[in-house]
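Structure, as structure tokens:
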Amino acid sequence: MIEKMRIGWIKIEELLTSWLLLLLVGLVFMEVVVRAFGSPTTWSVGLAQLVFIWVIFLGANQALRNHAHVGVDAINYFLKPKLRIVVEMVMHVLMILFLIFLIYYGSDMVLSTTGRLITGTQIPYWTVTLAIPTGSMLMLLTALGQIFGKWRSVKGNNE
Amino acid sequence: GSEGAEGNDGEYTLRLGVTQNEQNAEYQAIYQFKEAVEERSAGEIEVETYHSDQLANIPDLIEQASLGADVGTVTDAAQLSDLKKEFSIIQSPFMFEDISEMEQFLESDLYQEWVEEFTEQGIRILSFNFQLGERNLATTHPVTNAADFKGSVIRTSGAEIVNATVSAMGGSPTGMPWTEAYPGLEQGVIDGVEAHNTAIYESSMYEVINHIAKTNHYQLVSALIVSEEWFDSLPEEFQEIVLEEAKAAGETASEMSMESSNEYEGLMKEAGVEFHEVDREEFKELADSVYETMGLQEIRDEVNAVLGK
Amino acid sequence: MTIMLIVFFVLLFLNMPVAFAIGISGVVYFLSADIPNSLAIQQFATGTQSFPLLAVPFFVLAGHILNASGITSRLIKFANILTGHMIGGLAQASVLLSAMMGGISGSATADAAMQSRIMTNDMLRRGYSKGFSTGLISVSSIITATFPPSIGLILYGFIGGVSINKLFIGGIIPGILLTVALMVSVYFVAKKNNYDQNNTFTPPTMKEVVISFKDCIWAILFPILLIVGIRFGLFSASEGGAVAVVYAMTVGFFFHRELSWKKLKACLKDAVTDNSMIMLIIASASIFSYVIAFENFPRTMSQFVTGITENSQLLFLLILLFVFIAGLFMEATANNLMLTPIFLPIAEMAGIDPVHFGVVMVVLITFGGMTPPLGVTMFAVLSITKTGVVEYTKGALPFIITVLAVIVMIAMFPSIVLFLPNLLLGP
Ligand code: NA
Ligand code: NA
């Protein structure tokens, strides 16, 4: 059941980010076209930046799932495999704490909003900020899944 | 902070950031503010100053101040009007006959009322007297009347009131970062910008525009704002000092801007930019619709009542 | 700030993903200092809210679609015919492509990301090492930052109040110099390592060139249309990325008929992953920059530098050394914002021309994105090609040295930069 929901969500997320990216292209391209006809909009830049941050933070979860976030790999030349797993676990825990920080203060930031608007639009700026706790929440679930999976495989190897 | 910067031993630390560079009047003025406030408070108040958006950009700093961080900035009225609509009147087209009329308004009880109401947003306006210059239309093609201007694609700051003004005068406002305006003008993506002399000259924008129509559709006047929480934490005598010096800083900025505006106008003329006197009444009539579209009629009436108009 | 830097390097060493290493160490500072924690969130968001940055996702996506619509394969075929007989032919083509891209895109990262999509696999197939391929693609994208339009030069001109026109023209000769120098160093490295020197290749006949040219006419038209569009004011450099995407899609769907909805969906998905990875680093870097500004680190630094020497050339080199070191660890845009206001006044006092200084600074600052251990351009390439930093560093080293040599040369001979602007615009 949970697995089904997870797979379902991954599909939705991928569809969503793909369409948002396409929308981003469309928005900026549209601005080029309407300006060529002498009637530019004032809102396309602001809206594009709003779409952009959502692509980034929803996509960050996709990147985390696919292990696409790069690190400096120097450690792998120095550490024994067993120690490496311990280090990996510790890094995962730190990452989770960081994500919790982003969720907590991100929500705080969204809720304590000041009436600030996205430049050139009437859209409240908290819609930009909201991408951070939302994306972080998704990443938190992914990271928990990964750490759980790793824990099981380590235990499995030892038995 | 637990590991504060060098010499950071004042009781009350404030960080002030502006968008303009180090030579600009805005920065020079907040630097004067820093020195005066530090001296008069015997170092109890410490002010760190930042130029070129180094600390953060203006909307970020306003948000930080309202969230209670010990920061402040110099910002125009349009930016503040997102948080309190009344302020957009200060940047509305052809609202004030001249600077002295605006000063008359800034002395009024109505304005003081707005300032007090604004503290509910967490922001304290220390002074609203940074007169930075007349806003004109700087374009690649000559604009001598409204017909010339019709249909021109104009870069604006993106503020709603400014967009509405440019639209009403017949132009097509487009949102674009100031840094993109230079190549935009050079390549013809846009036909012009609405700006004041110092902004045009100091960012080299005069290299890519050929004409400036002196519409003076509004006077750019900015405010020195700080976090209300920080201001409130000061003893009363320090609050006095800060308010006085903020006013003095605004006066300095205004004088410097006036001087450099005239100097730059000469330099730009030498560089081949043509300045055009225009019939301001024509633009004023066109821009009048702004008050209706922006829903500012009532506020305008209130202000006019104060001014005895 | 010391604690922040220590935490950062420890995490980095322990293979924490870069975006998180920067973010976590920044947060450590916020927790220990007297700043509301929510400001970390604000800066995180602000890092993404820059219009010129949009060029990055667009050119990354364009790179994917260029591949899927058969434009790339035709272009590389053409490059093969032109350069196949040369030593390190395909690598030479990569350098030339960067120079061509320079006139289209203002962002080195966007160029590098696109090229690593397009060229890496073919380079590996031709027998180049992965380190060499990624190193060259990343480092040669520095050329993009010298030819107009260049986001770095625009930013510098804006912050320093320096003529952007002069800066643009001043960047042209250094750009050509970098192109030539990199091609020469490709020749030597390829020769030494026996890369891509298939002697069976003979110089192409005119007929072969014409046939292959016709085959990839849409690809050749691609940069030309972009340049024409930008030069004639149809769109700005950042918008050019969106136009590139639409163009690539049009050619793929209607002319080559190689692009399908299924392929496009895969392109979008890959581009989302690439972009999020790159942008998350840029976003978290803005937390870092905030702390550095908050601590007024730049001012301390400038007092330190001016205390050492008053000789202007020595001072220039000293500044460059500092910018280089800062570039090793910090993001280019942040460096530009932080360092220009500190060093430009010092340079002007020492009698260095601001246009000359600007071109050198911006090239060096942009170069910071390509130098390990930290660099956005580098990470873009590494994540796309799944390469390690150590492997990259080995491969990139000869090119890093080449670029540094050119930078020092440009710094020491002002006329390399100033000749063209003085000729065209007067001193
Ligand atoms: Na370029
Ligand atoms: Na670097």
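Quick one: which residues, 5 or more positions from residue C:47 or on another chain, have an amide H under 5 Å from its amide H? H modelled 1.01 Å from N in the peptide plane, none for Pro or chain starts.
Correct list: empty.
What GluC sites (Glu not before Pro) does region B:42-141 have in DSSP loop regions with at most 14 other beta carbons within 10 Å?
Sites meeting the loop and neighbour criteria: B:97, B:107.
Enter the mean number of other protein chain beta carbons within 10 Å of the beta carbon of each residue in A:110-117, as an integer.
For this peptide, the per-residue mean of nearby foreign Cβ atoms is 6.
Please turn the phi angles of region C:400-417 into ³J(HN,Hα) values with the Karplus equation 6.51 cos²θ - 1.76 cosθ + 1.60 (θ = phi - 60°), one per residue in order, whole Hz, x for glycine and proline.
Rounded to whole hertz, the list is 4, 4, 4, 4, 4, 4, 5, 4, 4, 4, 4, 5, 7, 10, x, 5, 4, 7.
With an 8 Å Cα cut-off and a minimum separation of 6 or more residues, compute the relative contact order for region A:2-158 in percent.
Rounded, it is 27 percent for region A:2-158.
Set the bar at 32 Å for Cα to Cα. Now go through C:77/C:263; B:85/B:309; B:85/B:284; B:34/C:166 and name every pair that lies beyond it.
As for pairs spanning more than 32 Å Cα to Cα, those are B:34/C:166.
Do you know the relative contact order of chain B, to the nearest whole percent, from alpha carbon pairs under 8 angstrom that are 6+ apart? Could you put the intermediate results ahead of the total?
On the way: 566 pairs, mean separation 77.8, N = 309.
For chain B, the relative contact order is 25 percent.
Of C:337, C:68, C:96, which is farthest on the positive side of the dipole of the protein assembly as shown, counting Cα position, with +1 on Lys and Arg Cβ, -1 on Asp and Glu Cβ, and the Cα centre as origin?
Positive-end residue among those listed: C:68.
Could you pull out the trypsin sites (Lys or Arg not before Pro) across region B:71-150 that fall in loop regions by DSSP (anything but H, G, I, E, B) with no more than 14 other Cβ atoms inside 10 Å?
Values: sites: B:84, B:85, B:124, B:135, B:150; in loops: B:84, B:150.
Taking region B:71-150 and a limit of 14 other Cβ atoms within 10 Å, the loop trypsin sites (Lys or Arg not before Pro) found are B:150.
Take the alpha carbon atoms of region C:33-67, find their center, do the same for region B:203-263, and report the distance between the two centers in whole angstrom.
With region C:33-67 and region B:203-263 each reduced to a Cα centre, they are spaced 31 Å.
Mean separation of Cα pairs under 8 Å and 6+ residues apart, divided by the residue count of chain C: what relative contact order is that in percent?
On the way: 659 pairs, mean separation 117.1, N = 427.
Answer for chain C is 27 percent.
So who's got an amide H within less than 5 Å of the one on residue B:190, skipping anything under 5 residues away but keeping other chains? H placed 1.01 Å off N, in plane.
B:185
Would you mind ranking A:126, B:230 so that the residue whose beta carbon has the fewest other beta carbons within 10 Å leads the list?
Arranged by neighbour count, lowest to highest, A:126, B:230 become A:126, B:230.
Where the centre of each part is set by its Cα atoms, how far does region C:121-175 sit from region B:59-91, in angstrom?
Their Cα centres are 38 Å away from one another.
Arrange the following residues from fewest to most other Cβ atoms within 10 Å of their Cβ: C:216, C:267.
C:216, C:267
Pop out the ³J(HN,Hα) list for region A:20-26 in order, Karplus 6.51 cos²θ - 1.76 cosθ + 1.60 with θ = phi - 60°, rounded to Hz; leave Gly and Pro as x.
In residue order, the calculated couplings are 5, 5, 5, 4, 4, 4, x Hz.
Counting other beta carbons within 10 Å of each residue's own, what order do C:162, B:166 fall into, fewest first?
With the sparsest Cβ surroundings first, the list reads C:162, B:166.
Tell me which residues come under 5 Å, amide H to amide H, from residue B:217 once H is placed; ignore anything under 5 positions away on its chain.
Those lying under 5 Å, H to H, from residue B:217 are B:135.
Just to check I understand the Karplus step: with θ = phi - 60° and J = 6.51 cos²θ - 1.76 cosθ + 1.60, what whole-Hz values come out for region B:57-65, glycine and proline as x?
Here the 3J(HN,Hα) series is 6, 4, x, 4, 5, 4, 4, 4, 4 Hz.
None of the figures in this text is laboratory data; all of them are computed from the coordinates on show. Remember, it's a predicted structure, so these values are computed and weren't measured experimentally. Every residue, glycine among them, receives a Cβ derived from its backbone with ideal geometry; neighbour counts consider all protein chains shown.
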